Amino acid sequence: MRKVLRLNPSGMPTHWLSLEAATTIYSKELVLWEMGKQSALMRGGYNRQGKRSILDIAPVIATKGHGKTAKVRSFSNSMLFRRDGHLCLYCGNSFCSQELTRDHIVPRAQGGADSWKNVVAACKRCNHSKGNRTPEQAGIELLAVPFEPNPFEYLYLTNRHIIADQMDYLAKQFSSQREWKNN
């Protein structure tokens, strides 16, 4: 486990924590509840009696305080490609990240924004063919409607190494009906 999913007291995700940061939260006794079976053991120093301190860090923890819910912010191409399942949303074929591009549905030249709802993953051939036109102007069809992820989906998109316990928690709140793969 590389990261710990931090939740606020009501169970809304706030952000990913390093194991070291989670250790600090445990040592300050700020953990309200935890969940998950795939924990990580953090070993500390030895006390005067020669006993070593050990903390069992859960993969999902809710903490004291009023942690703000994760904000859906800007995005990277890798997050966009994960959202779209590494598919070109024009031809429907699957591609690796190096073969995909970010396509603006309403091109920036026509006033289109660089936002979650105006960009899709597209293969280089389809993106070049579409050019600085909308899909309607280019005579091609968009295979799926782009969406802005909710906080649960956003945290999924920002971490490439999610373990099963964390994915189970996040996936229950995904807004779309499509299957998200943990890759």
Next item on the list: Mind giving me the FRET efficiency for GLN137 and MET42? R0 is 45 Å, r the Cβ-Cβ distance, nearest 0.05 is fine.
Entry: 0.20
Next item on the list: Quick one: accessible surface of TRP16, probe radius 1.4 Å, all protein chains present, in square angstrom to the nearest 10.
Entry: 40 Å²
Check: At q = 0.17 Å⁻¹, what base-10 log of I(q)/I(0) does the Debye formula yield for the stretch 64-138 when every alpha carbon is treated as an equal point scatterer in vacuo?
Finding: -0.63
Check: Looking at this model, which pairs from LYS71/LYS124; LYS37/LYS68; LYS3/LYS68; LYS68/LYS117 are more than 20 angstrom apart at the alpha-carbon?
Finding: LYS71/LYS124; LYS37/LYS68; LYS68/LYS117
Check: In the stretch 24-183, if every C-alpha pair distance is counted and binned at 5 Å from zero, what percent goes to each bin?
Finding: 1, 8, 14, 16, 15, 11, 9, 7, 6, 5, 3, 2, 1, 1, 0, 0
Next item on the list: Work out the charge dipole of the chain with +1 on the Cβ of Lys and Arg and -1 on the Cβ of Asp and Glu about the Cα centre, then indicate which of LEU89, PRO135, TYR156 is farthest towards its positive end.
Entry: TYR156
Item checked: Estimated [θ] at 222 nm from DSSP helical runs (n ≥ 4, -39500 (n - 2.57)) normalised by residues in the chain, nearest 500 -> -6000 deg cm²/dmol
Check: How are the C-alpha pair distances of the stretch 94-183 spread across 10 Å bins, as whole percents from the shortest bin up?
Finding: 15, 40, 30, 13, 1
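The values are calculated or read from the model by the stated rules, or taken from the named source; none is laboratory data. Everything quoted here is computed from the prediction, not taken from an experiment. Methodologically, a virtual Cβ is constructed for each residue, glycine included, from the backbone with ideal geometry; neighbour enumeration extends over all protein chains shown. These accessible areas exclude ligands, DNA and RNA; they are computed on the full protein's heavy atoms, side chains included. Shrake-Rupley method; radii C 1.70, N 1.55, O 1.52, S 1.80 Å.
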